[in-house]
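K.L.:
Questions regarding the structure given below will be posed in turn.
Here, each number is a calculation from the coordinates, and none is a lab measurement. Please read these numbers as outputs of a predicted model, since none were measured by experiment. Quick reminder, even Gly has a Cβ in these numbers, built from the backbone with ideal geometry, and neighbours come from all protein chains shown.
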Amino acid sequence: MEIERKFLIEKLPADLTGYKCLMIEQAYLCTSPVIRIRKEDDNYYMTYKGKGLMAREEYNLPLNKEAYEHMLFKADGNIISKKRYLIPVTKPVFADGFTHSGSTVNLTIELDIFEPPFAPLIIAEVEFPDEKMANAFIPPAWLGEDVTNNPEYHNSSLSTKKL
């Protein structure tokens, strides 16, 4: 199960070079249901995603480079390229009344800076272990508008966007 919230970003945080960065290329074989192939640095995956906005089923299967490249030519729509910075949330803040059963909450902001033709789009995603935590999360001030419930900002929607 994938449980995540998405935010638009207008101003990048300082010193991105201090965080781990992944180069991602992904394409979609189908958008209903979502079947995606992804190259993440030197790793390759095929992903199935069910319906939903904040919470939905997600299954990843490993691929090799040859299988990825073979399926890439069969993909529909736009191929998406982006840099993903992994930014730890050092002190997550949650709405009053929220309690988490675990002693430590480790969250990461996945900051995606899209390459053309989608630049200057920048989206941040935060994944959560459960919906209660996702709903109670108070984002850091540098995260912009919450677009979790706007399907326009799903990568599968970007893949079908007329350019």
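K.L.:
Report the GluC sites (Glu not before Pro) located in segment 1-44 that are in a DSSP loop and have at most 14 other Cβ atoms inside 10 Å of their Cβ, or state none.
P.N.:
Glu10
K.L.:
Now a separate question. Debye sum, Cα scatterers, segment 107-163, no solvent: what log₁₀ I/I(0) at q = 0.19, 0.27 1/Å?
P.N.:
Relative scattering, expressed as log10 I(q)/I(0), comes to -0.79, -1.31.
K.L.:
For the chain, give the magnitude of the charge dipole about the Cα centre (Cβ charges: +1 Lys/Arg, -1 Asp/Glu; no others), in debye to the nearest 20.
P.N.:
Values: 19 positive and 24 negative charges, 49 e Å.
Dipole magnitude for the chain comes out near 240 debye.
K.L.:
Over 25 Å between Cα atoms: which of Lys20/Lys132; Lys6/Lys74; Lys49/Lys91; Lys83/Lys132; Lys6/Lys83 fall into that group?
P.N.:
Those over the limit are Lys20/Lys132; Lys6/Lys74; Lys49/Lys91; Lys83/Lys132.
K.L.:
Let me ask something else about it. Using θ = phi - 60° and the Karplus form 6.51 cos²θ - 1.76 cosθ + 1.60, what ³J(HN,Hα) does each residue of segment 112-122 get, whole Hz, x for Gly and Pro?
P.N.:
Each residue of segment 112-122 in turn: 9, 9, 7, 7, x, x, 9, 4, x, 4, 9 Hz.
K.L.:
Taking the Cβ-Cβ separation of Lys91 and Glu69 as r and a Förster radius of 45 Å, what is the calculated FRET efficiency to the nearest 0.05?
P.N.:
Taking R0 as 45 Å, the efficiency between Lys91 and Glu69 is 0.60.
K.L.:
Which is the longest part of the chain that has none of the trypsin sites (Lys or Arg not before Pro) sitting in a DSSP loop with at most 16 other Cβ atoms within 10 Å?
P.N.:
Maximal segment without exposed cleavage sites: 75-160.
K.L.:
Here's another thing I want to ask about it. If you wrap a convex hull around the C-alpha atoms of the chain and split its volume per residue, what is the figure in Å³?
P.N.:
125
K.L.:
Compute a Gaussian network model of the chain, connecting alpha carbons closer than 10 Å, and tell me which residue from Ala55, Ala136, Ala27 fluctuates the most.
P.N.:
The residue that fluctuates most here is Ala136.
K.L.:
Further, regarding this structure: Positive end of the charge dipole of the chain (Lys, Arg +1 and Asp, Glu -1 on Cβ, about the Cα centre): tell me which of Pro88, Met23, Ala67 has its Cα farthest that way.
P.N.:
Checked the options; the winner is Ala67.
K.L.:
Take the chain, mark every one of the chymotrypsin sites (Phe, Trp or Tyr not before Pro) that falls in a DSSP loop and has at most 16 other Cβ within 10 Å, then report the longest stretch left between them, sites excluded.
P.N.:
Counting at most 16 other Cβ atoms within 10 Å as exposed, the longest clean stretch of the chain is 20-72.
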